[in-house]
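The values are calculated or read from the model by the stated rules, or taken from the named source; none is laboratory data. Computed from a predicted model, the values in this text were never measured in an experiment. A quick note on method: Cβ atoms are made from the backbone with ideal geometry, for glycine too, and the neighbour counts reach across all protein chains shown.
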Amino acid sequence: MDNSVHYIIEGVLAAGGFMVALIIKRAYQSIDDLWRKHDDVTEKITNMAIELPKNYASRNDLTRAIDIIHDRFDKLDEKLDKNYKEFTRNVPIRVKPNHDTQ
């Protein structure tokens, strides 16, 4: 009977060791999968960073374009002011008579 208990204990330890080995294997496999995904995301971000300057204007180009637009609006504003002054100078002023009923 002494040998049978010894065999049972060895069997339980072997099964436990096998389960621990499977758990450790799965943990390392999950870590490897996470590293692969990390590498894929890093590569995508790097490619995106390389492609961004091709698709967007630089800060200097944007500043120059905004300055041109502001200059055009200033010219339009000057023309509108000039036309408004000429228009108001040539329009006769009409005063309504005050009809007091008291």
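Contact annotation: no residue pair with Cβ atoms under 6 Å, 6 or more positions apart or on different chains, pairs a residue in the stretch 51-63 that is assigned to a helix (DSSP H, G or I) and surrounded by 10 or more Cβ atoms within 10 Å (Cβ to Cβ) with a partner that is of a type outside the set (Val, Ile, Thr) and at pLDDT 85 or above.
Selection of the stretch 53-76 for residues being of a type in the set (Lys, Arg) and modelled with pLDDT under 90 yields Lys54, Arg59.
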